[in-house]
Amino acid sequence: MQKIREVHRQSIQDRETFWAQEARRIHWETPFSQVLDYSRPPFAQWFVGGRTNLCYNAVDRWLDTQADQPALIWVSTEVDKEIVYTRAQLSQEVNAAAAILQSLGVQQGDRVLIYLPMIPQAAFFMLACARIGAVHSVVFGGFAAHNLAQRIDDAEPKVIVSTDAGSRGGRPVPYKPLLDKAIEQSAHVPEHVVLVDRNLVPMQLTEGRDLDYATLRARHLDVQVPVVWLESNAPSYILYTSGTTGNPKGVQRDVGGYAVALCASMEYIFGGKPGDVYFSASDVGWVVGHSYVVYGPLLNGQATVMYEGTPVRPDAAILWRIIETYRVSALFCAPTAIRVLKKHDPALLTKHDLSSLDRIYLAGEPLDELTGQWLSEALDKPVIDNYWQTETGWPILSAQPGIEEIPLRFGSPSVPVIGFDVRVVNEATGQDCGPNEKGVVAIQPPLPPGALSTIWRNDERFVKTYFESFPGRLTYSTFDWGLVDKDGYWFILGRTDDVINVAGHRLGTREIEESVNTHAAVAESAVVGVADETKGQVAMGFAVLRNPAMLDEPGSRDRLEAEIKHVIEERNGPVARPARILFVTNLPKTRSGKVLRRAIVALCEGRDPGDLTTIEDPSALEQIRAAL
């Protein structure tokens with residue numbers, strides 16, 4: 001690990017030299033005069049005075065060498081369509097979208113809200129905004145009217161781009177009625193709504209406000225829109241993430257730092273080179289969709305696969321079929337997708353030629369050791385766990401095979417990524433922790449290029465939320481527990497708010513889940529803390545079995561519950577033993593794969609589970625209710 005440590009040390013101790021070198025990866029219309037301005041901690045400004053453009057670097061820069069090569073590969077198993085856009089075709093579509101926005105009065109600094117499913121127009125309009133200096137705010141298609149209204153009021157978009165419907169499991173999911181309701185609820189009213197009509201469901205149009213995308217596209221298809229060169233620290237986009245107050249936080253990203261960081265990450269972390277095909281099975285509404293469906297691969301001269309569909313439709317080999325068809329070299333997805341595949345016929349894993357695939361990357365939620373090992377052994381490919389957040393924009397912890405190949409350890413996202421000065425901090429004392437000592441994972445500022453610049457229109461909230469958690473030091477908190485072992489490998493132990501206090505003992509629910517998941521019969525689990533009069537809290541476990549039919553045998557529930565509790569006692573001690581382990585066939589999750597723990601806790605405590613707009617399958621919550 002000598003080389004990776006040395007490169008990481010340079011990126012922290014000699015930031016200016018290191019990042020000046022990395023900045024050569026992109027085109028600067030005007031060179032920067034200062035690599036880093038950190039005169040106002042914790043606010044960091046990168047590549048000050050430099051003028052550049054994300055769209056130019058992702059599209060125009062590659063036209064001379066890649067005009068006829070694939071750039072955006074759209075695969076939809078929802079509507080059974082596949083379209084390959086070359087770099088030249090992508091350029092034409094992006095310019096048309098930019099011309100549409102300009103014709104509707106959108107100028108530099110104006111906001112455009114994009115409420116679209118995984119269709120090419122989402123990428124066209126994101127890149128179009130970047131081209132003309134508008135600030136895009138993509139809202140995940142699963143959000144309900146109330147959530148959407150909050151984001152409309154905070155971002156105040158001049159134009160909204162949306163559609164009649166998305167599709168999930170072959171069933172249309174209407175967008176337009178939700179959008180109309182959100183605009184009704186919001187104080188801010190957009191001037192125009194551009195609608196991509198997919199002919200999935202009928203749409204009611206509001207005269208004077210709603211416009212048809214196809215008509216506008218035909219009008220502007222051959223327009224060439226000049227690039228607006230932006231100072232490196234101008235805002236490029238706002239991406240909302242949930243806040244503890246109930247008001248979403250608008251994570252604000254810059255232009256130059258983001259472009260440089262993503263380009264560096266495509267080589268160092270993902271081993272990518274121009275001409276490669278990269279497949280991130282995420283959604284544009286999440287940070288992975290921004291960084292690694294749209295911007296990262298295109299900035300690095302790679303083709304990107306944009307997938308509308310689930311990992312099991314038409315069958316559980318669909319991801320591998322896409323990899324074979326388009327010769328994908330790296331796959332990035334959430335551990336949830338892989339856990340779903342574990343429940344299907346293992347023969348599907350070897351049905352397709354995966355010789356083009358170098359590595360698989362998993363992130364978005366904790367990757368349990370068993371799932372990582374299962375996938376790596378089944379495909380005989382390295383599985384790289386990486387850890388990061390919406391706020392950071394790119395991985396904080398990961399193996400970096402583009403710098404040096406290191407041994408991977410299942411259950412660990414390896415080591416700190418270049419630029420991130422990561423620490424484990426004692427929450428009470430504010431001191432750094434030693435090896436194998438549990439604390440809060442934190443980042444010593446300045447944050448590297450690509451991380452959030454601030455919270456949209458709220459510098460005070462930026463400082464208060466992220467930099468005031470530890471006594472006596474200005475340090476960014478991830479709000480995750482973690483530790484570093486003696487060899488320098490990092491382990492994430494769950495959210496600081498996922499800690500339960502049982503009779504004075506602080507227990508991480510993630511650690512208990514890891515134990516539940518080691519039982520051979522268990523596919524996945526969720527453990528939550530539930531209020532208890534005697535102990536303050538008790539742990540409650542919910543397990544999904546690999547073979548639910550096991551429960552049909554008389555006495556099998558009690559036997560399995562006892563076995564799993566025994567495993568927990570052996571691994572975590574008697575204090576961690578849950579009050580109950582209940583069996584369900586599905587855990588309630590968001591569409592991005594995160595378990596809805598707060599909703600489970602609410603049901604366990606007899607309370608209303610609250611806002612469930614992002615839930616993937618409402619019947620999963622009913623199963624919890626029934627089990628209780």
Residue pairs meeting the criteria (Cβ under 6 Å; at least 6 apart or on separate chains; first within 19 Å of V340 (Cα to Cα) and in a loop (DSSP other than H, G, I, E, B), in the stretch 350-376; second open to solvent by 10 Å² or more (accessible area, probe 1.4 Å) and polar (S, T, N, Q)): D368/N517
Just to be sure I understand, how many residues within the stretch 198-216 are open to solvent by 70 Å² or more (accessible area, probe 1.4 Å) and under 30 Å from the mean Cα position of the chain (by Cα)? 1
Inside the stretch 509-520, the number of residues satisfying the requirement of being buried (at least 16 other Cβ atoms within 10 Å of the Cβ) and either without any contact (Cβ under 8 Å) to a residue 60 or more places away in the chain or over 31 Å from the mean Cα position of the chain (by Cα) (or both) is 1
Of (1) in a strand (DSSP E or B); (2) touching a Pro at 6+ places or on another chain (Cβ under 8 Å); (3) open to solvent by less than 10 Å² (accessible area, probe 1.4 Å), V75 satisfies every one except (2)
Any chance you could count how many residues in the stretch 457-484 are assigned to a loop (DSSP other than H, G, I, E, B) and touching a residue at least 60 places away in the same chain (Cβ under 8 Å)? 3
Does the stretch 191-205 include one or more residues that are at positive phi and out of contact with any Asp or Glu (no Cβ under 6 Å at 6 or more places or on another chain)? yes
Within the stretch 323-370, considering residues that are farther than 21 Å from S515 by Cα and of a type in the set (D, E, K, R), the one least open to solvent (accessible area, probe 1.4 Å): R359
Six or more apart or on different chains, Cβ under 6 Å: which pairs go from a residue in the stretch 298-309 that's part of a loop (DSSP other than H, G, I, E, B) to one that's among the charged types (D, E, K, R) and open to solvent by 10 Å² or more (accessible area, probe 1.4 Å)? Could you list them? Q302/D276; G309/E78
Residues being touching a residue at least 60 places away in the same chain (Cβ under 8 Å) and either farther than 19 Å from Q204 by Cβ or in a loop (DSSP other than H, G, I, E, B) (or both) - total across the stretch 133-191: 24
Could we say that F47 is open to solvent by less than 60 Å² (accessible area, probe 1.4 Å) and either charged (D, E, K, R) or within 30 Å of Y489 (Cβ to Cβ) (or both) here? no
Output yes when any residue across the stretch 99-118 is open to solvent by 30 Å² or more (accessible area, probe 1.4 Å), at pLDDT 95 or above and assigned to a helix (DSSP H, G or I), and no when none is. yes
Any idea which residue in the stretch 217-241 is farthest from D283 (Cα to Cα), counting only those that are open to solvent by 60 Å² or more (accessible area, probe 1.4 Å) and part of a helix (DSSP H, G or I)? R219
Test set (1) open to solvent by 20 Å² or more (accessible area, probe 1.4 Å); (2) closer than 14 Å to A523 by Cβ; (3) at pLDDT 95 or above; (4) not polar (S, T, N, Q) - G541 fails condition number: (1)
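Matching residues to (1) part of a strand (DSSP E or B); (2) under 19 Å from Y268 (Cβ atoms); (3) modelled with pLDDT of 95 or more:
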{"site": "G419", "(1), (2), (3)": "no, yes, yes"}
{"site": "R423", "(1), (2), (3)": "yes, no, yes"}
{"site": "A428", "(1), (2), (3)": "no, no, no"}
{"site": "E437", "(1), (2), (3)": "no, no, yes"}
{"site": "A442", "(1), (2), (3)": "yes, no, yes"}
{"site": "P445", "(1), (2), (3)": "no, no, yes"}
{"site": "L452", "(1), (2), (3)": "no, no, yes"}
Given the condition out of contact with any Gly (no Cβ under 6 Å at 6 or more places or on another chain), of a type outside the set (G, A, S) and crowded, with 23+ Cβ neighbours inside 10 Å, answer yes or no: does some residue in the stretch 30-43 qualify? no
Could you give me the residue pairs with C-beta distances under 9 Å whose first residue belongs to the stretch 14-30 and is over 18 Å from V227 (Cβ atoms), whose second residue is open to solvent by less than 60 Å² (accessible area, probe 1.4 Å) and among the hydroxyl-bearing types (S, T, Y) wherever it lies, and which are 6+ apart or on separate chains? F18/S11; W19/S11; E22/S11
Could you grab me the full set of residues in the stretch 84-98 that are of a type in the set (V, I, T), over 22 Å from W286 (Cα atoms) and open to solvent by less than 60 Å² (accessible area, probe 1.4 Å)? T86
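Each row is one residue, and each column tells you yes or no for (1) at pLDDT below 95; (2) touching a helix residue (DSSP H, G or I) at 6+ places or on another chain (Cβ under 7 Å).
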residue	(1), (2)
G257	no, no
V260	no, yes
Y278	no, yes
T304	no, yes
T310	yes, no
Of the residues R546, R591, R557, only one is open to solvent by 70 Å² or more (accessible area, probe 1.4 Å), farther than 23 Å from I338 by Cα, touching a residue at least 12 places away in the same chain (Cβ under 8 Å) and not hydroxyl-bearing (S, T, Y); which? R557
Y295 being part of a helix (DSSP H, G or I), buried (at least 22 other Cβ atoms within 10 Å of the Cβ) and modelled with pLDDT of 95 or more: yes
When the residues of the stretch 179-194 are filtered to those that are within 28 Å of the chain's Cα centre (by Cα) and of a type in the set (D, E, K, R), which remaining residue is surrounded by the most Cβ atoms within 10 Å (Cβ to Cβ)? D180
When the residues of the stretch 6-29 are filtered to those that are surrounded by 15 or more Cβ atoms within 10 Å (Cβ to Cβ) and basic (K, R), which remaining residue is farthest from F420 (Cα to Cα)? R25
Close pairs from the stretch 487-501: first modelled with pLDDT under 75, partner small (G, A, S), Cβ under 7 Å, at least 6 apart: D498/G508; V499/G508; N501/G536
Selected residue [surrounded by fewer than 22 Cβ atoms within 10 Å (Cβ to Cβ) and within 30 Å of D254 (Cα to Cα)] from Q373, Q389: Q389
Can you list residue pairs whose Cβ atoms sit under 6 Å apart, with the first residue in the stretch 323-337 being touching a residue at least 60 places away in the same chain (Cβ under 8 Å) and the second being surrounded by 22 or more Cβ atoms within 10 Å (Cβ to Cβ) and in a helix (DSSP H, G or I)? Count only pairs 6 or more apart in sequence or on different chains. F332/Y292; P335/T371
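The values are calculated or read from the model by the stated rules, or taken from the named source; none is laboratory data. Remember, predicted model here, so these are calculated numbers, not experimental data. Don't worry about glycine lacking a Cβ; one is built from the backbone with ideal geometry, like all the others, and counts go over all protein chains shown. When the accessible area is computed, the model is the full protein with side chains, heavy atoms only, and any ligands, DNA or RNA have been set aside. Shrake-Rupley method; radii C 1.70, N 1.55, O 1.52, S 1.80 Å.
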